[in-house]
């Protein structure tokens with residue numbers, strides 16, 4: 001979240017009737033930016049329905065893109081949104097490898113204005129949940145193998 005926008009990832013962007021639906025290693029996750037003034041609305045046609053679609057956006061998101069990354073950590077800094085996590089892949093002989101961190105991780109830099117991918121970096125280990133911060137010109141990523149990785153910090 002910044003002064004104007006909220007950034008998020010939707011893991012279950014589709015529905016099967018009333019249930020959220022997600023298929024790993026298919027379309028991916030939905031990364032998007034929304035205007036903070038875009039208040040949710042409850043469509044009139046769903047009022048009184050026991051299981052309607054619920055609240056939805058009044059306006060579409062500012063931008064969105066499908067990404068093949070299971071985002072575990074996200075931080076906004078200046079004009080860049082940093083996201084990190086394991087890749088959204090399924091190995092036939094070891095379908096839990098990515099979920100468990102055995103496929104490493106990725107760190108992406110994305111434009112806060114357009115959602116365009118600026119750069120990618122491979123991580124030996126994916127980040128812990130919410131394990132990323134930006135401070136004093138550096139980006140810090142805490143990984144599931146117990147390390148803290150620092151990018152771009154200015155040393156005194």
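What to note about this one:
- Test: residue 97 is part of a loop (DSSP other than H, G, I, E, B), closer than 18 Å to residue 28 by Cα and either at pLDDT 90 or above or within 12 Å of the chain's Cα centre (by Cα) (or both): yes
- The set of residues in the stretch 1-52 that are assigned to a loop (DSSP other than H, G, I, E, B), within 19 Å of the chain's Cα centre (by Cα) and surrounded by 11 or more Cβ atoms within 10 Å (Cβ to Cβ) comprises 2, 4, 11, 12, 13, 22, 24, 25, 26, 27, 28, 36.
- The condition (being out of contact with any strand residue (DSSP E or B) (no Cβ under 8 Å at 6 or more places or on another chain), surrounded by 18 or more Cβ atoms within 10 Å (Cβ to Cβ) and within 25 Å of residue 151 (Cβ to Cβ)) is satisfied by just one residue among 101, 115: 101.
- If you go through the stretch 71-97 and keep only what is touching a strand residue (DSSP E or B) at 6+ places or on another chain (Cβ under 9 Å), over 20 Å from residue 34 (Cβ atoms) and free of Cβ contacts under 8 Å to residues at least 40 places away in the same chain, you end up with 87, 97.
- Top-ranked residue of the stretch 53-76 - restricted to ones that are under 20 Å from the mean Cα position of the chain (by Cα) and not in a strand (DSSP E or B), ranked as surrounded by the fewest Cβ atoms within 10 Å (Cβ to Cβ): 60
- The selection criterion, being on the phi < 0 side of the Ramachandran plot, out of contact with any helix residue (DSSP H, G or I) (no Cβ under 8 Å at 6 or more places or on another chain) and exposed (fewer than 13 other Cβ atoms within 10 Å of the Cβ), does not hold for residue 130.
- Test: residue 115 is assigned to a loop (DSSP other than H, G, I, E, B) and without any contact (Cβ under 8 Å) to a residue 24 or more places away in the chain: no
- Residue list for the stretch 131-156, restricted to those being out of contact with any strand residue (DSSP E or B) (no Cβ under 6 Å at 6 or more places or on another chain) and not in a loop (DSSP other than H, G, I, E, B): 135
The values are calculated or read from the model by the stated rules, or taken from the named source; none is laboratory data. Predicted, not measured: the structure shown is a model, and the values here were computed from it. Because the Cβ atoms are built from the backbone with ideal geometry, glycine has one as well, and the counts that use them run over all protein chains shown.
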